[in-house]
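Below: one structure in structure tokens.
The values are calculated or read from the model by the stated rules, or taken from the named source; none is laboratory data. From a predicted model like this one, the values you see are computed outputs, not experimental measurements. Quick reminder, even Gly has a Cβ in these numbers, built from the backbone with ideal geometry, and neighbours come from all protein chains shown. Each accessible area value is taken on the protein alone, full model and side chains, heavy atoms only, with ligands, DNA and RNA left out. Shrake-Rupley method; radii C 1.70, N 1.55, O 1.52, S 1.80 Å.
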Amino acid sequence: MMFVPEASNSAKEVTTSFYYILGIEVVLLSLVTSAMIFFVIRYRSRKHPRTENIEGSLALEIIWTVLPTLLVIIMFFIGWQSFTQIRKVPEGAMVVRVTARQWSWQFIYENGKQSDMLRVPVGSPVKLVMHSEDVLHCLYVPAFRIKEDCVPGMETYLWFTAENPGSYDIFCTEYCGLGHSGMLSKVIVMPVSEFKPWYSEGQEGKEARGLKLLETKGCLGCHSTDGSKKIGPTFKGLYGAEVEVLTNGKKRAIIADEEYLRRSITEPAADIVEGYPNIMPKLPVTDEEVKAIIEYLKELK
Ligand code: CUA
């Protein structure tokens, strides 16, 4: 289509059916509208005070039954062709598991690597196996013309072959609460020579681990590291600062020490920072991960 690039195997076919349907609509709209205007003028009451008796026409009846039927059948086949291609995953596709949650995307690769952005090699098929941890979400990549719901308690899938290196938007297109519009990510399509080392690269260094965890666990969907206000309070300068919180509905001031940070991660509803809604989900984190996150937050001045 005009503004969104076509960057996957199924993009062209979806665009073709879109334009076919749009074309038919434009032609029908102009025919009906011009016929209407023509009749209004031609048979206006001033010139035709008495209604004429119009006999039926077999030829017309046949034309306007057969022609639309043909158009709709063609429409069906164009749609059917691209639909079967979109649903039929080629063998040997690389599987990436997708977890959707309020309000972030997590991508887990076959070798255990995790990322908050979807990195894929150009030219080879990728299958996304998706589920949601809380409510309905929907993964949509406009440039690839693919879209599918993420549903709690069941697995759904999508597949694509990216055709051009580049970065393409991922949106959530199912209203999923306060952070819905911010539930964004990207597909980064890389040349195979760049993807391979990224994919096989081992665990990142220790310093970066805390930040990486904040990314992959989806924390940065709601908390910033630069002081800006998002759905939740920022992490910048948090450690050691005094925070006003509501504990069991009672206001109190508290110093953000290790104890406080640990409780806020493992029991998000225990202390609610003043001015923010009590909406943080409980995330699956190990003690070791909590430690790494706290180590990182301590350094974030
Ligand atoms: Cu997730 Cu909208």
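Within segment 182-196, take every residue that is hydrophobic (A, V, I, L, M, F, W, C) and under 17 Å from residue 5 (Cα atoms) and give me the one that is nearest to the ligand (Cβ to nearest atom). Walk me through it before giving the result.
So in segment 182-196, the residues hydrophobic (A, V, I, L, M, F, W, C) come out as 183-184, 187-190, 192, 195.
Adding the requirement that they be under 17 Å from residue 5 (Cα atoms) leaves 187-190.
On the way: 187: 16, 188: 20, 189: 23, 190: 26 Å.
So, considering only residues that are hydrophobic (A, V, I, L, M, F, W, C) and under 17 Å from residue 5 (Cα atoms), the one nearest to the ligand (Cβ to nearest atom) is 187.
From the list 119, 101, which residue is surrounded by 15 or more Cβ atoms within 10 Å (Cβ to Cβ), away from the ligand (no atom under 14 Å from the Cβ) and of a type outside the set (S, T, N, Q)? Show your work before the answer.
Working: 101 fails: away from the ligand (no atom under 14 Å from the Cβ).
Within the list 119, 101, the selection yields 119.
Of everything in segment 183-200, what is touching a residue at least 40 places away in the same chain (Cβ under 8 Å) and not polar (S, T, N, Q)? Give them in sequence order. Before the answer, list the steps.
The initial filter retains those residues of segment 183-200 that are touching a residue at least 40 places away in the same chain (Cβ under 8 Å), namely 183, 185-192, 195-196, 198-200.
Those that are touching a residue at least 40 places away in the same chain (Cβ under 8 Å) and not polar (S, T, N, Q): 183, 186, 187, 188, 189, 190, 191, 192, 195, 196, 198, 199.
Name the one entry in 246, 213, 184 that is open to solvent by 30 Å² or more (accessible area, probe 1.4 Å) and farther than 30 Å from residue 85 by Cβ.
Details: 213 fails: open to solvent by 30 Å² or more (accessible area, probe 1.4 Å); 184 fails: farther than 30 Å from residue 85 by Cβ.
Exactly one of 246, 213, 184 is open to solvent by 30 Å² or more (accessible area, probe 1.4 Å) and farther than 30 Å from residue 85 by Cβ, namely 246.
Also, quick follow-up: What is the number of the single condition among (1) open to solvent by 90 Å² or more (accessible area, probe 1.4 Å); (2) over 30 Å from residue 16 (Cβ atoms) that residue 48 does not meet?
(1)
I've got another one for you. Going through 124, 132 one at a time, which residue ends up being loosely packed, with under 15 Cβ neighbours inside 10 Å and either modelled with pLDDT of 90 or more or more than 12 Å from the ligand (Cβ to nearest atom) (or both)?
Values: 132 fails: loosely packed, with under 15 Cβ neighbours inside 10 Å.
It is 124.
Going by what's in this entry, would residue 240 be described as more than 29 Å from residue 137 (Cβ to Cβ) and not aliphatic (A, V, I, L, M)?
Judged against the criteria, residue 240 is a match.
Here's something else I'd like to know. Kindly check whether there is at least one residue in segment 51-62 that is open to solvent by 90 Å² or more (accessible area, probe 1.4 Å) and among the hydroxyl-bearing types (Ser, Thr, Tyr).
There is at least one residue in segment 51-62 that is open to solvent by 90 Å² or more (accessible area, probe 1.4 Å) and among the hydroxyl-bearing types (Ser, Thr, Tyr).
For residue 271, all conditions in the list (1) at pLDDT below 85; (2) surrounded by 18 or more Cβ atoms within 10 Å (Cβ to Cβ) hold save one; what is the number of the exception?
(1)
For the list (1) in contact with a helix residue (DSSP H, G or I) (Cβ under 7 Å, 6 or more places away or on another chain); (2) closer than 23 Å to residue 100 by Cβ, I need the number of the one condition that residue 261 fails.
Evaluating residue 261 over (1) in contact with a helix residue (DSSP H, G or I) (Cβ under 7 Å, 6 or more places away or on another chain); (2) closer than 23 Å to residue 100 by Cβ leaves (2) as the failure.
I would also like to ask the following. Somewhere in segment 142-149, is a residue touching a Cys at 6+ places or on another chain (Cβ under 7 Å) and over 25 Å from residue 13 (Cβ atoms)?
No: segment 142-149 contains no residue that is touching a Cys at 6+ places or on another chain (Cβ under 7 Å) and over 25 Å from residue 13 (Cβ atoms).
So which of 249, 240 is over 32 Å from the mean Cα position of the chain (by Cα) and touching a residue at least 12 places away in the same chain (Cβ under 8 Å)? It would help to see each step written out before you state the result.
Details: 249 fails: touching a residue at least 12 places away in the same chain (Cβ under 8 Å).
Only one candidate qualifies: 240.
To continue, here is another question. Return yes when residue 110 is more than 16 Å from residue 190 (Cα to Cα), within 14 Å of the chain's Cα centre (by Cα) and open to solvent by 50 Å² or more (accessible area, probe 1.4 Å) and no when it is not. Can you show your working first?
On the way: more than 16 Å from residue 190 (Cα to Cα): yes; within 14 Å of the chain's Cα centre (by Cα): no; open to solvent by 50 Å² or more (accessible area, probe 1.4 Å): yes.
The answer is no for residue 110.
When only residues in segment 145-181 that are of a type in the set (Gly, Ala, Ser) and more than 9 Å from the ligand (Cβ to nearest atom) count, which is least open to solvent (accessible area, probe 1.4 Å)? So that I can check it myself, show each step before the final result.
Initially, segment 145-181 is screened for residues of a type in the set (Gly, Ala, Ser), giving 153, 162, 166-167, 177, 179, 181.
Adding the requirement that they be more than 9 Å from the ligand (Cβ to nearest atom) leaves 153, 162, 166-167.
Working: 153: 88, 162: 0, 166: 27, 167: 66 Å².
The residue in question is 162.
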